[in-house]
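Comments concern the structure below.
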Amino acid sequence: MSTENQPQAPKWKPLNSRQRRVLGVLVEKAKTVPESYPMTVNGIVVGSNQKSNREPHMELTQEDVEQLLEELRGLGAVTEVQGSGRVLKYRHHAYEWLGVTAVELAVMTELLLRGEQTLGDLRARAARMEPMADQAALKVVVDGLLKKGLMREVTPPGRGQVVSHNLYKDREVADQQTHYAGIACVHSSDEEPPPADSSVSGALLKYATSDQLSELAVELAELRAEFARLRLKVEELEGK
């Protein structure tokens, strides 16, 4: 029976943002353009640096990707195969490595490529790789991934809930929790007073109007993008 329908015992470990990008690209291309899979290093470079369906934007070089592929090979997530004309190509083992089904992998891939996002956005994006009829269908998948420890709820359940994968390094998890700490206040009851130790920004968010919340959401998105760029630079410096 196909490994796409039979989850394997998971072997996954946390990955840095560049490792997640390369693995995500391999899975995405295998599902959306199978004729180009397995992939060459050059194809992975192009896929990693494309401007659409990616957050944050990256500028990985061929040398970067070769090193990242070697790291992923060491983790058992990727293998090298011989292509035509002695061109080396690469194949992912995400089904076995993560222990997921085809539709679960589609959801995980979107999270690996774009980071945290709302459930509504996630369904629309993941459906380009695997059919997903509605939000109820996505909810089943999300619940399964949460049980497996592969996903985490960034904000409380409810309208506009934000979720993410759980392959972050510890530092990234802490940064994400800090980033969304104030937003969580919006989901609390209007009759419940702000906690004594909550930040001023969190308290203001709770009582903001919808227009104000929209403006704050834009500002938070801009800050998030800037933070992602800075985090990428730090990882590049640490890798030297």
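Taken together, the values in this text are just the output of simple stated rules run on the coordinates, not laboratory data. The model shown is predicted, which means the values in this text are computed figures rather than measured ones. Cβ atoms come from the backbone with ideal geometry, glycine included; neighbour counts cover every protein chain shown.
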**Complete:** Residue by residue through the range 119-131, the couplings from Karplus 6.51 cos²θ - 1.76 cosθ + 1.60 with θ = phi - 60°, in Hz, x for Gly and Pro, are 4, x, 5, 4, 4, 4, 6, 5, 5, 6, 9, 9, x
**Item:** Hits among lysines - C-alpha to C-alpha of Lys147 under 28 Å, sequence gap 8 or more where chains match
**Value:** Lys11, Lys13, Lys29, Lys31, Lys139, Lys169
**Fill in**
Rounded to whole angstroms and listed largest first, the alpha-carbon spread of the range 17-98 along its three principal axes comes to 31, 27, 25
**Request:** Treating only the Cβ atoms of Lys and Arg (+1) and Asp and Glu (-1) as charged, compute the dipole magnitude of the range 17-98 about its Cα centre; round to the nearest 20 debye.
**Result:** 220
**Item:** the range 66-149: proportion of alpha-carbon pairs further apart than 16 angstrom, %
**Value:** 59
**Complete:** Residues meeting the amide H criterion for Gly99 (H placed from the backbone, H to H distance under 5 Å, 5 or more places apart or on another chain) are Gln8, Lys11
